[in-house]
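Novice: Below you will find the structure I want to go over with you.
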Amino acid sequence: MATSPGTTALITGAGSGMGLETARLLARDGAAVVLLGRRQQTLDAVAATIRAEGGTALALAADVTRADDVTRVLDRVRAELGPVDVLVNNAGSASSVLNPQWLPHDEWRQVLDVNLTAVFQLTQAVLPDMLGRSTGTIVTVSSLAAVNPNLLGGAAYGAAKAGVRNFMTFLHNTFRNQGLRAITVLPGEADTPILDNRARPPAPEERADMVRPEDVAEAIRLAVALPQRVVLQEIVVAPTRQRDTSADLEISRWAGAPSDAAPQA
């Protein structure tokens with residue numbers, strides 16, 4: 001089973017992790033992939049890898065939180081590849097302060113902008129073409145933090161991922177009879193670069209049992225490649241083994257705390 005040749009797939013956060021692996025898989029299946037991310041040089045390297053494997057890739061640096069960047073990207077894609085058939089909202093961001101007691105307002109807004117507002121803006125941009133042709137697929141990478149929020153991801157991240165899950169369910173309920181497939185992927189703890197920014201980055205032996213980017217990419221690939229008559233509305237991709245995160249949670253509780261705040265016994 002593979003993506004139909006001639007399909008155009010736009011993937012955000014395509015420079016690394018789940019986005020990169022998803023782009024490679026969809027390109028191998030015959031889709032022309034549009035790589036979105038913040039760093040042009042990184043995207044160019046991914047595009048070169050895809051082309052070396054026989055695929056088609058267009059690398060476009062953009063800030064997905066900016067509406068004018070989204071418009072510019074969609075205009076370029078339509079001109080060079082045609083309308084977007086598959087949108088994969090993968091770009092994500094977490095705050096450095098996890099506890100809402102001390103979470104700066106600008107960090108809260110930035111996390112919601114990347115994880116929620118950008119998904120809305122990109123969705124709004126592709127909906128006219130998809131609904132006009134009565135076909136299209138939108139996949140959004142949420143998180144199990146949407147279901148079980150805690151200090152590992154933080155208050156802003158959990159709220160944003162819950163919000164985007166709700167938005168995707170809204171799309172499913174509203175547009176499914178117009179041919180739109182809205183799919184939410186909820187990964188559990190995954191070994192991606194975002195872990196390096198944790199209050200306590202997990203050790204290599206802890207990461208060994210985590211979900212890997214290619215695991216999530218395979219789930220996205222399956223959802224996209226199934227016939228248009230079928231929608232995998234929600235996919236949970238979780239580690240088989242669950243590690244003890246109690247120490248991580250306690251360290252995360254105090255990240256960003258003022259100097260006069262003392263850990264409670």
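The values are calculated or read from the model by the stated rules, or taken from the named source; none is laboratory data. Quantities reported herein were computed from a predicted structural model and do not represent experimental measurements. Note that we place each Cβ from the backbone using ideal geometry, even for glycine, and neighbour counts take in every protein chain shown.
Novice: Report, by residue number, each residue of the stretch 90-105 that is part of a loop (DSSP other than H, G, I, E, B) and not polar (S, T, N, Q).
Specialist: The answer is A91, G92, A94, V97, L98, P100, W102, L103, P104.
Novice: Anything in the stretch 24-48 that is under 18 Å from the mean Cα position of the chain (by Cα), buried (at least 17 other Cβ atoms within 10 Å of the Cβ) and either without any contact (Cβ under 8 Å) to a residue 60 or more places away in the chain or over 17 Å from E218 (Cβ atoms) (or both)? List them, or say none.
Specialist: Answer for the stretch 24-48, where residues must be under 18 Å from the mean Cα position of the chain (by Cα), buried (at least 17 other Cβ atoms within 10 Å of the Cβ) and either without any contact (Cβ under 8 Å) to a residue 60 or more places away in the chain or over 17 Å from E218 (Cβ atoms) (or both): A27, V33, V34, L35, L36, G37, T42, L43, V46.
Condition check ((1) assigned to a helix (DSSP H, G or I); (2) surrounded by 20 or more Cβ atoms within 10 Å (Cβ to Cβ); (3) β-branched (V, I, T); (4) within 14 Å of the chain's Cα centre (by Cα)) across all residues:
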{"site": "P128", "(1), (2), (3), (4)": "yes, no, no, no"}
{"site": "T137", "(1), (2), (3), (4)": "no, yes, yes, no"}
{"site": "M168", "(1), (2), (3), (4)": "yes, yes, no, yes"}
{"site": "T174", "(1), (2), (3), (4)": "yes, no, yes, no"}
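Novice: Hey, among P193, P213, which residue is within 15 Å of the chain's Cα centre (by Cα), surrounded by fewer than 18 Cβ atoms within 10 Å (Cβ to Cβ) and within 23 Å of I11 (Cα to Cα)?
Specialist: P193
Novice: Does the stretch 94-112 include one or more residues that are closer than 24 Å to I183 by Cα, at pLDDT below 95 and surrounded by 20 or more Cβ atoms within 10 Å (Cβ to Cβ)?
Specialist: yes
Let's see how each residue does on (1) touching a strand residue (DSSP E or B) at 6+ places or on another chain (Cβ under 9 Å); (2) closer than 23 Å to I220 by Cβ; (3) in contact (Cβ under 8 Å) with a residue 40 or more places away in the chain; (4) in a loop (DSSP other than H, G, I, E, B):
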position	(1), (2), (3), (4)
I50	yes, yes, no, no
G54	no, yes, no, yes
L74	yes, yes, yes, no
V88	yes, yes, yes, no
E107	no, no, yes, no
V111	no, yes, yes, no
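Novice: On the given criteria, is A79 over 28 Å from G153 (Cα atoms), without any contact (Cβ under 8 Å) to a residue 60 or more places away in the chain, among the hydrophobic types (A, V, I, L, M, F, W, C) and not in a helix (DSSP H, G or I)?
Specialist: Taking the combined requirement at face value, the residue does not satisfy it.
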